[in-house]
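Below you'll find the structure, written out as structure tokens, and then a few comments.
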Amino acid sequence: MRKPASMWSLETFGRVRLSRHFFMRDFMYSEISGFHGQPNIPDDPDLAIENGRAFCTSLLDPLEETFGRIAVRSGYRSAALNAYGNRHKLNCAANDNPIECHIWDRGAGAQAIAGASIVIPWFADQYDQGRDWRDLAWWVHDHLPYSEMWFFPKLAAFNLTWRPEPQRSISSYIAPRGMLLRGGKSPSEPLAQRRTRYKDFPPLRGIAYP
């Protein structure tokens, strides 16, 4: 696929299906792009699709098939759009920041990365009633091949990242703030204790579809 250079080709790019539940268009909306008039056009569409498919099939599809609809707060950003957001202090990490996961076409092979900021409405409702964000963090850790998670106070939204070689780290801006799990380290809570946190969660991929 060539680099999108027209409304038609960008629309075609958006129609690309990444997984059972997600299309590229699901990740293309950006408030920065819309408000500031900065286009969100990939430099390497094929690489964005390749890494996006790995992200969706290994992480987002299992979440959707467990908890129901997953809301994408911030998905794909082109390098140019992300750089604009970083330059204008719009909550975008620098393009070369190792944890910047929104630029899906910035690396291939061992350097591949893709991610999004998401909300799980099923859990957000409980979080609003005081549930501990770590219940969800440990569930994801124990069930999915994520690379990094980073939690935020509003709606228990979190950045979820895929890499071909997961780093397995968890951080949060919610109390207790900081790093819950450092990559390569063992969890602070034993498995049996973690399981008690999420014993009322629905079964993994338990939703039946026609």
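The values are calculated or read from the model by the stated rules, or taken from the named source; none is laboratory data. Only a predicted model underlies this, so the values are computations on that prediction, with no experimental measurement involved. Note: ideal-geometry Cβ built from the backbone for every residue, glycine included; neighbour counts use all protein chains shown.
Name the residue that is nearest to the chain's Cα centre (by Cα), counting only residues in the stretch 59-84 that are hydrophobic (A, V, I, L, M, F, W, C) and over 20 Å from S30 (Cβ atoms). Filtering first and then ranking leaves L59. In the stretch 91-100 there is at least one residue matching the filter, namely being charged (D, E, K, R), more than 13 Å from the chain's Cα centre (by Cα) and modelled with pLDDT under 95.
Of all the criteria given as (1) without any contact (Cβ under 8 Å) to a residue 24 or more places away in the chain; (2) touching a Pro at 6+ places or on another chain (Cβ under 6 Å); (3) aromatic (F, W, Y), the one not satisfied by F23 is (2). Screening the candidates L160, L136, L144, L155 for the property of being touching a Pro at 6+ places or on another chain (Cβ under 7 Å) and surrounded by 12 or more Cβ atoms within 10 Å (Cβ to Cβ) yields one hit, L144.
Does the stretch 98-106 contain any residue that is acidic (D, E) and either touching a Phe, Trp or Tyr at 6+ places or on another chain (Cβ under 9 Å) or farther than 21 Å from R73 by Cα (or both)?
Of all residues in the stretch 98-106, those acidic (D, E) come to 100, 105.
Checking which are either touching a Phe, Trp or Tyr at 6+ places or on another chain (Cβ under 9 Å) or farther than 21 Å from R73 by Cα (or both) leaves us with 105.
The answer is yes; a qualifying residue exists.
Take the residues of the stretch 65-80 that are among the charged types (D, E, K, R) and in contact (Cβ under 8 Å) with a residue 60 or more places away in the chain: which is surrounded by the fewest Cβ atoms within 10 Å (Cβ to Cβ)? Ranking the qualifying residues of the stretch 65-80, first place goes to R73.
Of all residues in the stretch 29-43 being part of a loop (DSSP other than H, G, I, E, B) and surrounded by fewer than 17 Cβ atoms within 10 Å (Cβ to Cβ), which is farthest from the chain's Cα centre (by Cα)?
Initial filter on the stretch 29-43 (part of a loop (DSSP other than H, G, I, E, B)): 29-30, 37-43.
Then drop every residue that is not surrounded by fewer than 17 Cβ atoms within 10 Å (Cβ to Cβ), which leaves 29, 37, 39, 43.
Numbers: Y29: 14, G37: 24, P39: 21, D43: 20 Å.
Going through the qualifying residues, I end up with G37.
Just checking, does the stretch 82-90 include any residue being closer than 17 Å to T161 by Cα and touching a strand residue (DSSP E or B) at 6+ places or on another chain (Cβ under 9 Å)?
Initially, the stretch 82-90 is screened for residues closer than 17 Å to T161 by Cα, giving 82.
Still in the list and also touching a strand residue (DSSP E or B) at 6+ places or on another chain (Cβ under 9 Å): none.
No, that holds for no residue.
Take the stretch 114-132 and flag every residue that is surrounded by fewer than 19 Cβ atoms within 10 Å (Cβ to Cβ), in contact (Cβ under 8 Å) with a residue 40 or more places away in the chain and in a helix (DSSP H, G or I). Passing the criteria: P121, W122. Residue selection: L59 fails the criterion of being part of a helix (DSSP H, G or I), of a type outside the set (S, T, Y) and farther than 21 Å from A112 by Cβ.
Go through the stretch 81-106 residue by residue and tally those that are closer than 24 Å to G183 by Cβ, free of Cβ contacts under 8 Å to residues at least 24 places away in the same chain and either of a type outside the set (D, E, K, R) or not in a loop (DSSP other than H, G, I, E, B) (or both). Spell out the reasoning first.
Going residue by residue through the stretch 81-106, those that are closer than 24 Å to G183 by Cβ are 82, 86, 91-106.
Among the residues that remain, those that are also free of Cβ contacts under 8 Å to residues at least 24 places away in the same chain are: 82, 86, 91, 93-98, 100.
Imposing the further condition that a residue be either of a type outside the set (D, E, K, R) or not in a loop (DSSP other than H, G, I, E, B) (or both) reduces the set to 82, 86, 91, 93-95, 97-98.
Qualifying residue count for the region: 8.
Scan the stretch 141-152 and report the pairs whose first residue is more than 16 Å from V119 (Cα to Cα) and at pLDDT 95 or above and whose second residue is buried (at least 22 other Cβ atoms within 10 Å of the Cβ) and polar (S, T, N, Q), with Cβ atoms within less than 7 Å and a gap of 6+ or a chain change. The qualifying pairs are S147/T161.
Close Cβ contacts (under 6 Å, 6 or more residues apart or on different chains) running from residues in the stretch 163-178 that are among the charged types (D, E, K, R) to residues that are assigned to a strand (DSSP E or B) are absent.
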